Each structure stands twice: as C-alpha cells, then as structure tokens.
Amino acid sequence: MNQVRTSGGGGQGVPVENPLRIRHHLEELRAAEAEFPIKVEGTHTLPYTARVAELEKDSMHLKLIRPLPHELAPGAPFEMLFATAEQRFKGLLTFQGRQGYLLYRFTIPNRLVPSDQRQHKRYAFRPREKAYVMAQDGGVPGFGLAGPLVNLSLGGLAFRVDRVVRLDDHMRLTPGLGFFEKGKTLPMLKVRDLPKLPLFEARGMIANACEREGEIIVGVQFGELRPAELAELQEVLDFRERMQRASSSPSPASAPREGRPAPAQAEASPSPSPRTNPAGTETPAALKLLGRRTAGLVLAMPPGPLRDGVLAALAQGGYLRVETVDALHQALALLRADKGASNRVLLALDPTRDGDLAEIQALQRDQGELRELPVALLGAGAMPSPGDGLIRPLPLPGDSIEAWLDALDEIAGLAAS
C-alpha cells in the first residue's frame, strides 16, 4: 500500500495510487462537506468551487456553486486541489456529464499527488448578493476599477470588472487583459456590502487576470492587513462558513437518502422560529431567513388575485426584494438592461409559447453571469427540458406555504438539493 509522507524540502511526498486510500480521502471530503477548487487542466481560468455529493464505484458527483459551460463536452480533463488532515493533494479527473441542477459527474482520480500549494480558503459570492469592489491603481492620472465580488479569502479576492474610469476626466474605458498586469499596485481597495460588514478597506496588488465569456475577472492579493482589518475580514468569512454549513445540512424533517441511514438527532430544536442564540451563532432558520431577505426576485405576472397571492406568500416567507412586471418580455428587458450586475431569480407564469422558453435560454447564454439566473415557471406542468436545470416548474402557492417556500429556496440556491 502507498504510504503518504511529506518530504522535508519541496513539500512533495509519495503519490497515492491505491484506490482504497484515494476513495478514503474522497469519502472524508464528502462526509465533511468540504469545498475545494476544480479547474480545466492546463488553463488559468477562474476555478469552480465544488464539493463531493455522491461517490459511486468508478465516478463521483460534484456539486458546484456556478454552472459549467453548456458547450463543455464529456472527456474534458479537470484538476482538483484539496486538503485532508495535514496534507494537500492534486488529482486529475475527467468530466463525464451533467447529473442534475449544478450537479456533475466526474471520474475518480486514479492518482493523488501531494501538493505544496498553500492558499487560504476562498468563499464564492454571486452577483445577486450585492457585494461590490472598487479599486484605484497607483498610476498617473490613475484609473478606477469597479465590479461585483466573485470570491474572497483572508489572502485576497477576485472581482468581475464592469467599469474602468480614468479619474482625471471620468472617461470610461474598455481595456484588454494587458491593462491588468501582474504586480500593479492598488493603493485604494474597498469592498461594499459584505455580510455583517458594510465597508472593508485595504491595499492590494493585482495577482492575475483572465477573460471568461467576454468578461474580465481580476484576482487581487491583499497587502499587509492591520489586526483590526484582519479581525473584520475573519468575522465575515466565519459568518460565510456558518451559512454554507447551515444551508448544506439536511433538515431534521427531510427523509434520508436511499441506501444511507439517517443520522441520529442529538436533540430536537427547541423552537422552529428563526432566532439567534445568546452566543451569537446564527441558527439554520435564521440563516435561511437572511438568504431570503437578500435574494432579489423578478415576478412576471399580470395584475390580479393570482399575483396578489404569490406576493403575499413571498412576503410571509421573508422574500422582501421583489420587482413586479406585468409580462415576461418586460422581465427579460429588465434583466438584459441590468447586464448581470444583479443576478436574481425570475418567477414567471407558465409561458405557453416555445419562443418564451427560447428567449429565457438566450438570455442565460448571452449575458455572462446571468447564465446562473434561476427561473421558476409558476403553475407549470410538463415542460420541455431546458437541458441545464436552471429553468424549473413551481406550482402556485396553495395551503402549504412553507413547502412552496422550501421549493423556491432550492431553485434560488438557498437550500441544498
């Protein structure tokens, strides 16, 4: 059997090729619901955050935070990087196909190589969460950069550049990747509307930049943080970690998955109502309510009792940021004009024309980050499969409001599937 060891110099140890040990490490990741990055082998694109959802004999199902490209063909090679115990490993896996909503099937690596890459855990942010980055470079006359936050860690962040402005005359520019040269200093760096932190300020340096579907993603390495800044950032990331764990934990009422015994419940929750405990640790119910309050919805329905009933159900559940329009084409125009600056959830009364679904899919394909736009078709029965799991039927709210809200939570990405 291959024994893992760490060398004293380069941090590289003996590769693990024993299938039982490899499966043991992957089972540890699955049991801990640990997140790790995967990326297409040999590229410098932004990694995808993944976690192991299921392990089969020769394959595994990975749950991703954002979707893989629609045109990605089976057989594409990927690289995973994960930590277990005191060791970090790299492994090669092959994309096999789409399994479900943000769920993909990959081969199990047949070899794990100990890696000396050390990096802080990164937490992904979606555009609908409103966290926004503003930066200023150190040149003359100087440029301002701005765009939504993509991910955040103790060591730095990545953001999508939506705007570049020359500071002396406020002229907007459309620069290429060459503008974001590695090592360029950012003496002013601000992140607005982080969870529990309205404004975070630091200094930074451009670490990398890549182009993805016509959009530029810039990675920034933080300069040395003062203790107060480090404490603020750590509090944000700790809160993010608790939210992720709470949203990915099965509720006590949910049925156990087939073939797996239900975990024993240590004690029953004393109250189903959302609350924060005295120690300041948010309960899953409170975190779910927070997710609903920060999620943006666009409701496309004609005025009348049906729309009033849907709005009442949303308000009852805590979905407070709802924009209403009378027709689907108005909702699509609204989202196209927004160009992904606010990635929201679209609720539309079941479209009856094939062209309606085609327009929604065209919007998801053409608008970059809006490919992640979840769509709920209210009152829809049988519908053509859109092929990507992002367009899903949802009944109109009836007597069981909580069950209806739970279904919407899943579509909006606020609950584990």
Q) Within region 311-329, which residues are open to solvent by 40 Å² or more (accessible area, probe 1.4 Å) and of a type in the set (Gly, Ala, Ser)? A) 312, 315
Q) Which of the residues belonging to region 54-80 are part of a strand (DSSP E or B) and either among the polar types (S, T, N, Q) or over 25 Å from residue 127 (Cβ atoms) (or both)? A) 54, 55, 59, 60, 61, 77, 79, 80
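Tell me, which strands (runs of 3 or more DSSP E) wholly within region 105-199 include 3 or more residues that are under 23 Å from the mean Cα position of the chain (by Cα) and surrounded by 13 or more Cβ atoms within 10 Å (Cβ to Cβ)?
Answer list for region 105-199: 132-136, 143-152, 156-160, 185-194.
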Q) Pick from region 78-110 the residues that are out of contact with any helix residue (DSSP H, G or I) (no Cβ under 6 Å at 6 or more places or on another chain) and hydroxyl-bearing (Ser, Thr, Tyr): which of them is nearest to residue 26 (Cα to Cα)? A) 107
Q) Which residue pairs have Cβ atoms under 6 Å apart, sit 6 or more places apart or on different chains, and have a first residue in region 192-212 that is under 20 Å from residue 180 (Cα atoms) and a second that is open to solvent by 30 Å² or more (accessible area, probe 1.4 Å) and in a strand (DSSP E or B)? A) 203/187; 205/185; 205/221; 207/221
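Table: residues versus (1) of a type in the set (Gly, Ala, Ser); (2) at pLDDT below 80; (3) surrounded by 10 or more Cβ atoms within 10 Å (Cβ to Cβ); (4) more than 18 Å from residue 406 (Cβ to Cβ).
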residue: 237; (1), (2), (3), (4): no, no, yes, yes
residue: 247; (1), (2), (3), (4): yes, yes, yes, no
residue: 250; (1), (2), (3), (4): no, yes, yes, no
residue: 255; (1), (2), (3), (4): yes, yes, no, no
residue: 286; (1), (2), (3), (4): yes, yes, yes, no
residue: 289; (1), (2), (3), (4): no, yes, yes, no
residue: 292; (1), (2), (3), (4): no, no, yes, no
residue: 295; (1), (2), (3), (4): yes, yes, yes, no
Q.
Can you confirm whether residue 78 is under 28 Å from residue 361 (Cβ atoms), open to solvent by less than 20 Å² (accessible area, probe 1.4 Å) and at pLDDT 90 or above?
A. yes
Q) at pLDDT below 75, open to solvent by less than 50 Å² (accessible area, probe 1.4 Å) and within 15 Å of the chain's Cα centre (by Cα), is that true of residue 363? A) no
Q) Does any residue of region 18-31 turn out to be in a loop (DSSP other than H, G, I, E, B) and either closer than 17 Å to residue 60 by Cα or modelled with pLDDT of 90 or more (or both)? A) yes
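The values are calculated or read from the model by the stated rules, or taken from the named source; none is laboratory data. All values derive from a computational prediction rather than experimental measurement. As a convention, Cβ positions derive from the backbone with ideal geometry for all residues, glycine included, and neighbour counts pool all protein chains shown. What goes into the accessible areas is simple: the full protein's heavy atoms, side chains included, and nothing from ligands, DNA or RNA. Shrake-Rupley method; radii C 1.70, N 1.55, O 1.52, S 1.80 Å.
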